[in-house]
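The values are calculated or read from the model by the stated rules, or taken from the named source; none is laboratory data. Quick caveat: nothing in here was measured; it's all calculated off a predicted structure. Glycine also receives a Cβ, built like all others from the backbone with ideal geometry; neighbour counts cover every protein chain displayed. With ligands, DNA and RNA removed, areas are computed over all heavy atoms of the protein, side chains included. Shrake-Rupley method; radii C 1.70, N 1.55, O 1.52, S 1.80 Å.
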Amino acid sequence: MSRHLTLPNQLTILRLLLVPLIGWTLTAGFAYHYQVSVAVYASAAATDTLDGRIARRRRIVSELGKFLDPLADKILVITVLVILVGANLVPSWVVVVVFAREFVITGIRFVAAGQGVVVGSTPWGKSKTVTQNLMIGLLILQEPYPVLRPVALAFVIIAVIATVASGLDYLWRYRRFVV
């Protein structure tokens, strides 16, 4: 096995490969496709937690992993949110907020990396990820289970607040790379 294709990197690549499957299950018309889509999405989201834990525990953090992991996260979340906008399950402004935050933080990470600084995750960043994943799952499940609509709406608000707060937290922590 190549030293770059460590188990954490393989899990990250699996997450990327699951994105088209999630898109297909989300837009397909077969029975229980929403439930299948949420199961596939949850599996993909779980690889994000798992790959990081394995990499740190086994001390096999790689440059490829540092690049691919956040990229895979962004592709997963933004792709699913765009599909949900197209299905009128979430307002487009939510995607704009999420995308804008990711764009700004990626820019900060890029500038910091150019100066030899690794911008790691923060508690706000982790809460953003959890709330976005719960929001996405609930937005998908509100279709077959309309009783979840108020909860899904609440999580849209919570996820947007966590996304903005996380972005502001990164801007404050790493303001020396912004100016």
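For this structure, a couple of remarks:
- Looking across segment 54-94, the residues that are assigned to a helix (DSSP H, G or I), over 12 Å from the mean Cα position of the chain (by Cα) and at pLDDT 85 or above come down to 54, 57, 82, 83, 84, 85, 86, 92, 93, 94.
- Selected residue (criterion: farthest from residue 29 (Cα to Cα)) from residues of segment 129-179 that are of a type in the set (D, E, K, R) and part of a helix (DSSP H, G or I): 176
- Cβ-Cβ distances below 9 Å connect the following pairs, each with a first residue in segment 24-42 that is without any contact (Cβ under 8 Å) to a residue 24 or more places away in the chain and aliphatic (A, V, I, L, M), a second residue that is open to solvent by 30 Å² or more (accessible area, probe 1.4 Å) and outside any helix (DSSP H, G or I), and a separation of six or more residues or different chains: 36/30.
- Cross-chain or 6+ apart pairs with Cβ under 7 Å, segment 111-133 first and at pLDDT 90 or above, then open to solvent by 60 Å² or more (accessible area, probe 1.4 Å): 131/158
- Subset of segment 109-119 [surrounded by 10 or more Cβ atoms within 10 Å (Cβ to Cβ) and either among the aliphatic types (A, V, I, L, M) or not in a helix (DSSP H, G or I) (or both)]: 111, 112, 113, 117, 119
- Pairs meeting the criteria (first residue in segment 147-176 and within 19 Å of residue 80 (Cα to Cα) and hydroxyl-bearing (Ser, Thr, Tyr), second residue open to solvent by less than 90 Å² (accessible area, probe 1.4 Å) and assigned to a helix (DSSP H, G or I), beta carbons under 8 Å, at least 6 apart or on different chains) are 163/97; 163/98; 163/101; 163/128; 163/131; 163/132.
- Test for residue 30: is it over 21 Å from residue 121 (Cα atoms) and either at pLDDT below 85 or not in a helix (DSSP H, G or I) (or both): yes
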